[in-house]
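Please read the structure below before turning to the comments.
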Amino acid sequence: MAYTALYRKFRPLTFSEFVGQEHITKTLKNQIIAGRVGHAYLFNGGRGTGKTSAAKVLSRAINCLNPKDGEPCNECEICKEVLNGSLTDVVEMDAASNNSVEDIRQIREEVNFLPTKAKYRVYIIDEVHMLSTGAFNALLKTLEEPPEHVKFILATTEPQKLPATILSRCQRFDFKKISNEDIKKRLKIITDEIGVQISEDALTTISILSEGAMRDGISILERCIQDGDNEITNEKIKELVGIPKFEYIYKITKSLIEKDSEKALETTEEVINEGKDLYNFLWEIIKYIKDILILKSKGKLELYNKEELEKIQELSEKTTKETLFYLIKELSEVENDIKWSTQKTIMFQTEIIKLTVDKVNYGEDIEERLNKLEQKIESGDITVKNQTFTAPVNAEAQTTTKKTEAKPRPQNTIANIKSEEYWPKVINNLKSQGKITLFTNLMNTKAVELSDVQLGIVGLSEFGKTVIEQPDNRMAIETAIAQEIGKTMHVKSEEAQNIKPKNSKSDFGIPINIIEE
């Protein structure tokens, strides 16, 4: 007998066997009991959430010879033939491989014929968003006014790709992600039935890795029993799905936070020697840093045991949210590049060295000092040392500067608005205008006033610099600034170490020393 995959073997046969979709199954059962079954349904939701299974159950329930409380009996002639796929009145079609106009025209011709055995002819079209524009147009009229003996059940993971004319003709049901607890309960039922021992930690790990998809959870479980071992542990799951040892992820993350390039490279060598894929390792590091950020933001973590949580807490106390954001951003960029590279090891090691060099945050330190200095100048909390200077040639005498109070800047400068107030608004305005490329490259930058008519953008990547140098992008940024502060400013990329305080000279161009108190 041919082997049947676990997710097919344990596919729900009745509405009551579904987990996490009670809001849908209850409505469908009530419609069947009341005899108010619609002519077209749209089942939408993520992968592995039960869309196709629900469509199969519905096709049997409306044709069952002995239905009970809206459920199919799965024992009558009709139900059995639908289950073994021999009933021609229930047609399943994969739109990914049958997406042409001719495929839909064939359906249009078939719907005119009465069912051979069942009460209704049912068409289940999976991944319906893959149909071509012509196919959608061909389906439209039939879907709007089908014969009384025809029912359509459409399933998709991307309803936004369907034309509005199709959406408006269907009863839409949104399948939500299945909770971790529901996945654990279902997996426990399956393991008990197949005689496999599984620890509570292992169930938790599988449910989290499933990301709300029951089919993914069952597939992971199936991989764990392929070796014939009837006991599944947490360590076995992590080994099979390719998750690097927690020790390695912790060590390299700690090295990045502590800027220890030597230890980071040692850990990388250990991972390479064990044959782990660097792309997967990099992805796990990003997720781990994200988890540190969540914990630092008072969030809840589920995948870790007590000892692992203590280590995450330890790392969260050694760093800041800004640093974690920076690490995630930089590593994510490398992840995109390394996927297609033939030199993964070189790229990975280079990035690790770069992130463990102190100068990475040098620009941030300069900006922070400039912000503090600007606040002191505006509040008048500064002292200017007395200095002598030589007057112009035609002056009659030399003049000595006196202790000077800081003057407020003219009302028409940006300093009165504060960059931390208007710059995020400018970036968000660009996002709302649909300029996503500009938004993503500016989201981690700061604006510094270089003069009354020029603004420096600090923190741009090399790619970001090329983006804002494009005339259209530069004009878009300058327009957004003008709309926000009511003044035209020209923008340019600026390195943090090149920025000098605007008031480092007196109003007469005389150098002064500012002492921070």
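On full extension of the chain, what length is gained from F439 through E75, given 0.36 nm per residue of separation minus the C-alpha to C-alpha distance? Result for the pair: 125.2 nm of gain on full extension.
The Cβ shell under 12 Å around T233 holds other residues with a net charge of -4, Lys and Arg each +1, Asp and Glu each -1. Summing charges over all other residues whose Cβ lies under 14 Å from the Cβ of K339, with Lys and Arg as +1 and Asp and Glu as -1, gives -4.
Could you tell me the distance between the Cα centroids of the range 465-484 and the range 48-102, to the nearest Å? Measuring centre to centre over Cα atoms gives 56 Å.
From the cross-link list K56/K236; K259/K287; K238/K259, which pairs have alpha carbons spaced over 24 Å apart?
Numbers: K56/K236 34 Å; K259/K287 19 Å; K238/K259 28 Å.
As for pairs spanning more than 24 Å Cα to Cα, those are K56/K236; K238/K259.
Semi-axes of the equivalent ellipsoid for the range 46-107, computed as √(5λ) from the eigenvalues of its C-alpha gyration tensor and ordered from largest down, come to 25, 15, 9 Å.
Under 13 Å from a point 7 Å along the Cα-to-Cβ line of V241: which residues of the range 276-304 have their amide N that close? Backbone N within reach: 284, 302-304.
Taking the convex hull of the alpha carbon positions in the range 173-269 and averaging its projected area over all directions gives 8.3 nm².
Per the Cauchy relation, a quarter of the hull surface: what is the mean projected area of the convex hull of the alpha carbons in the range 114-247, in nm²? Let's see the in-between values first.
Working: hull surface 49.1 nm².
If I average the Cα hull's projected area over directions, I get 12.3 nm².
For an R0 of 35 angstrom, estimate the FRET efficiency from the Cβ-Cβ distance between D277 and L83 and round to the nearest 0.05. My answer for the efficiency is 0.30. Using alpha carbons only, the radius of gyration of the range 1-123 set against its Kirkwood radius gives Rg/Rh = 0.95.
Database remark: amide H of V150 closer than 5 angstrom to the amide H of R121 (H placed geometrically; neighbours at sequence offset of 5 or more, or on other chains; Pro and chain starts carry no H). Other residues whose C-beta falls under 11 angstrom from the C-beta of I194 contribute a net charge of -2, scoring Lys and Arg +1 and Asp and Glu -1.
State the extension gain, in nm to one decimal, for the chain segment bounded by N137 and L65, taking 0.36 nm per residue of separation less the distance between their alpha-carbons. Please list the in-between numbers first.
Numbers: separation 72, 0.36 × 72 = 25.92 nm, distance 3.51 nm.
Here the answer is 22.4 nm.
The Cα-based radius of gyration and maximum Cα-Cα distance (Dmax) for the range 58-147 are 14.2, 41 Å. Ligands, DNA and RNA left out, the accessible area of the range 206-362 computed with a 1.4 Å probe is 49% carbon and sulfur.
Building the convex hull from the alpha-carbon atoms of the range 224-298 and averaging its projection over directions returns 6.1 nm².
The values are calculated or read from the model by the stated rules, or taken from the named source; none is laboratory data. Given the structure is predicted, the values throughout are model-derived calculations rather than measurements. Every residue, glycine as well, gets a Cβ built from its backbone with ideal geometry; the counts of neighbours run over all protein chains shown. Accessible surface areas use protein heavy atoms only, side chains included; no ligands, DNA or RNA. Shrake-Rupley method; radii C 1.70, N 1.55, O 1.52, S 1.80 Å.
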